[in-house]
Amino acid sequence: RKIMNSNFKVREIDIDGIKIGGKNAIIIAGPCSVESQDQIIQIAKAAKAAGANMLRGGIFKPRTNPNDFQGLGIKGLEYLLEAKRQTGLPIVTELMDTQHLDAFIKHVDIIQIGSRNMYNYSLLKAVGETKKPILLKRGFSATIREWILAAEHIAKAGNENIIFCERGIRTFEEYTRNTLDLTAVPIIQKETGYPIIVDPSHGTGIRALVGIMSEAAIACGANGLLIEAHTHPEQSISDKDQTIDIGELEQITKRIALLK
Ligand code: PEP
Ligand code: MN
């Protein structure tokens, strides 16, 4: 009976006055990869006008194929910071290696731990020793229990500013890139008391499904969304098939506001 109530109370994680886990769903939007300074600034401005609350963009990209674009690296952080300066949007980006931890502590608003690193316990411990908000993506083959225990590694090291992110898991289904497991939303909230957001972009891999699954995520109580959006989705260097344009992002933020 309890599980049918999607409004589990979770702790609020405060990022410069933006509360994840509060009464409003938070929309984090931006490209899969930071590609250039102009690209990220243009997208940040457009995303903000479309109603996004924070900016995402990968600078270290964990690509399955080592021959694919690996991200701009630490140079990309400068571009993200310039986008933040011009828009005021806090920035979310993935940390893959502790060698960049100090730069991330100094400049990044939410440190993302990617799906492939959910089991990287030394990385989890390292971010656990900071006070930074951590966005912990679900390993693509992780059970909910393993995912919660990954969060426990961060919490045990001293950092309880944790936001879970459901991004789809690998199942026998091949139509979608991953199987978006929305049951994780109320389960994580109930079992941990931490907020959880949903990534319908990696969760589906299909642009046309992103809007619909965004609404579904909010309907089941998600505390926010992580969405890949681009001013020119077809020109995205990575993940273009799942990247929506800014018009669609605006539709989503409007529909989400109506659901609340
Ligand atoms: C991303 O959000 O850019 C990303 C690489 O996602 P994941 O770690 O979920 O594959
Ligand atoms: Mn991506």
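Structural remarks
- Test: residue in the range 168-179 that is buried (at least 16 other Cβ atoms within 10 Å of the Cβ) and out of contact with any Ser or Thr (no Cβ under 8 Å at 6 or more places or on another chain): no
- The range 41-97 - residue that is acidic (Asp, Glu) and part of a helix (DSSP H, G or I) and, of those, farthest from Gln251 (Cα to Cα): Glu78
- Residues in the range 177-218 that are within 14 Å of ligand 2 (Cβ to nearest atom) and of a type in the set (A, V, I, L, M): 2 in all.
- Selection status of Leu258, among the hydrophobic types (A, V, I, L, M, F, W, C), surrounded by fewer than 16 Cβ atoms within 10 Å (Cβ to Cβ) and more than 21 Å from Ser33 (Cβ to Cβ): yes
- Unique match (being crowded, with 21+ Cβ neighbours inside 10 Å, part of a strand (DSSP E or B), on the phi < 0 side of the Ramachandran plot and touching a strand residue (DSSP E or B) at 6+ places or on another chain (Cβ under 6 Å)) among Leu249, Leu225: Leu225
- Scanning the range 149-175 for residues that are among the β-branched types (Val, Ile, Thr), under 19 Å from the mean Cα position of the chain (by Cα) and over 22 Å from Lys19 (Cβ atoms) gives a single hit, Ile169.
- Looking only at the range 157-167, and only at residues there that are of a type in the set (A, V, I, L, M) and in contact with a strand residue (DSSP E or B) (Cβ under 9 Å, 6 or more places away or on another chain), the one that is surrounded by the most Cβ atoms within 10 Å (Cβ to Cβ): Ile163
To keep it simple, each residue is scored yes or no on (1) farther than 23 Å from Ile20 by Cα; (2) of a type in the set (Val, Ile, Thr); (3) over 18 Å from the mean Cα position of the chain (by Cα); (4) at pLDDT below 95.
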site: Arg56; (1), (2), (3), (4): no, no, no, no
site: Lys61; (1), (2), (3), (4): yes, no, no, no
site: Pro66; (1), (2), (3), (4): yes, no, yes, no
site: Gly71; (1), (2), (3), (4): yes, no, no, no
site: Gly76; (1), (2), (3), (4): yes, no, no, no
site: Lys84; (1), (2), (3), (4): no, no, no, no
site: Thr87; (1), (2), (3), (4): no, yes, yes, no
site: Ile91; (1), (2), (3), (4): no, yes, no, no
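- Among residues of the range 190-222 being surrounded by fewer than 24 Cβ atoms within 10 Å (Cβ to Cβ) and touching a strand residue (DSSP E or B) at 6+ places or on another chain (Cβ under 7 Å), the one that is nearest to Ile91 (Cα to Cα) is Tyr194.
- For Gly168, the stated conditions hold: it is within 12 Å of ligand 2 (Cβ to nearest atom) and in contact with a His (Cβ under 7 Å, 6 or more places away or on another chain).
- Going through (1) closer than 21 Å to Ala151 by Cα; (2) touching a Cys at 6+ places or on another chain (Cβ under 7 Å) one by one, Thr243 falls short only on (1).
- Residues satisfying the criterion are absent from the range 118-130 (criterion: among the acidic types (Asp, Glu), touching a residue at least 12 places away in the same chain (Cβ under 8 Å) and within 11 Å of ligand 1 (Cβ to nearest atom)).
- The range 228-245 - residue that is assigned to a loop (DSSP other than H, G, I, E, B) and more than 14 Å from ligand 2 (Cβ to nearest atom) and, of those, farthest from Ile15 (Cα to Cα): His232
The values are calculated or read from the model by the stated rules, or taken from the named source; none is laboratory data. These numbers come from a predicted model, not from an experiment. Every residue, glycine as well, gets a Cβ built from its backbone with ideal geometry; the counts of neighbours run over all protein chains shown.
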